[in-house]
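Following: one structure in structure tokens, then a few remarks.
Please treat every number below as a calculation from the coordinates, not as lab data. Given the structure is predicted, the values throughout are model-derived calculations rather than measurements. Positions of Cβ are generated from backbone atoms using ideal geometry, with glycine treated the same way; all protein chains shown enter the neighbour counts.
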Amino acid sequence: MNENSALEQIYQNHHRKSRKEFFAILADERGDFLKKNIGSGKKVLDIGCRDGALTSYYSKGNTVLGLDIDSEALGKASKTLQIETKKVDLNGEWGVPQNHFDIVVAAEVVEHLYFPSQVLRKAYDSLKPGGLILGSVPNAFSLKNRIKYLFGIKKGTPLSDPTHINQFSRKEFLDLLRKDFKEATIEPLGRFAFFDRFFPGLFSFDLLFRAKK
């Protein structure tokens, strides 16, 4: 078994055991955020699209290319949404044209990849001037998670997912975006997101992000 097929098997098993078909955490909130910011008539590159659970919110009226390591999930996305898909290890070369896409979607994927700055740079290179990157990452250092870490508890935090290679705070991820992108913003998402406006990064479950090339 080669390295790529081993990685694919890891994610296929992970998706079968941990994710119901066409399920995404906070799907409506994240999906509405993507739909609102993408609009229609766009060329969209969806990295880590899986079975298209979130892609379904904005695929209609747009031209979408979905990338993922899981060929089974890609088959479901292609069949259900009628989008183009491509099996890719996102840690390597993506094989997509540069300066081509209006939008790159990276929803709950950057935390799964090695060297996130390189991943974001590849997204930047694939975008047209003025293009947007949109997505979300788990807020690993919310107040609730910090308290759990203090007591050595991983359950119910991003640390409990063994496929999460990187853990981000709000400030760290915003700084990461601003290395290449301009007009980078982060919005809080979650039950207590209202309080995040007073204490940025402490009360959001997820971090929605938007940045411009």
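Assuming R0 = 25 Å, can you tell me the calculated FRET efficiency for the pair Ser5 and Thr80, based on Cβ-Cβ distance, to the nearest 0.05?
0.55
What order do you get for Thr157, Thr163, Thr80 when you list them from fewest to most C-beta neighbours inside 10 Å?
The fewest-first ordering by Cβ neighbours comes to Thr163, Thr80, Thr157.
I'd like the chymotrypsin sites (Phe, Trp or Tyr not before Pro) in segment 107-204 restricted to DSSP loop residues with at most 16 other Cβ atoms within 10 Å, sorted by number. Can you show the working numbers first?
On the way: sites: Tyr114, Tyr124, Phe141, Tyr149, Phe151, Phe168, Phe173, Phe181, Phe192, Phe194, Phe195, Phe198, Phe203; in loops: Tyr114, Phe141, Phe151, Phe168, Phe181, Phe192, Phe198, Phe203.
Passing both the DSSP loop test and the Cβ count: Tyr114, Phe151, Phe192, Phe198.
What full-extension length gain, to one decimal in nm, is calculated for Asn13 and Arg146 as 0.36 nm per residue of separation minus the Cα-Cα distance?
45.0 nm
Could you give the length gained by full extension between Arg197 and Ser40, i.e. 0.36 nm per residue of separation minus their alpha carbon distance, to one decimal place?
My answer for the length gained is 53.5 nm.
Once every DSSP H run of n ≥ 4 in the chain is given -39500 (n - 2.57) and the sum is divided by its residues, what mean residue ellipticity at 222 nm do you get, rounded to the nearest 500 deg cm²/dmol?
Result for the chain, helices only: -10000 deg cm²/dmol.
Straight-line reach only, C-alpha to C-alpha below 20 angstrom: list the lysines that Lys212 could link to, leaving out same-chain residues fewer than 8 apart.
By straight Cα distance, Lys212 reaches Lys35, Lys36, Lys42, Lys43, Lys122, Lys128, Lys171, Lys179, Lys182.
Using alpha-carbon positions, what is the distance between the centroids of segment 164-190 and segment 7-82, in Å?
Centre-to-centre distance over Cα atoms comes out at 21 Å.
Please compute the contact order of the chain in relative form: average sequence separation of alpha-carbon pairs under 8 Å and at least six residues apart, divided by the residue count, as a percent.
It rounds to 17 percent for the chain.
Which of the following values of Cα extents along the principal axes in Å was calculated from the structure shown: (i) 49, 40, 29; (ii) 47, 46, 35; (iii) 44, 41, 29?
From the options (i) 49, 40, 29; (ii) 47, 46, 35; (iii) 44, 41, 29, the structure gives (iii).
At a Förster radius of 35 Å, what calculated FRET efficiency corresponds to the Cβ-Cβ distance of Gln118 and Lys154, to the nearest 0.05? Write out the running numbers ahead of the final one.
Numbers: r = 27 Å, r/R0 = 0.77.
Efficiency at R0 = 35 Å is approximately 0.85.
Near Ser142, within a Cβ-to-Cβ distance under 12 Å, what is the net charge of the other residues, with Lys and Arg +1 and Asp and Glu -1?
Value of the local net charge: +3.
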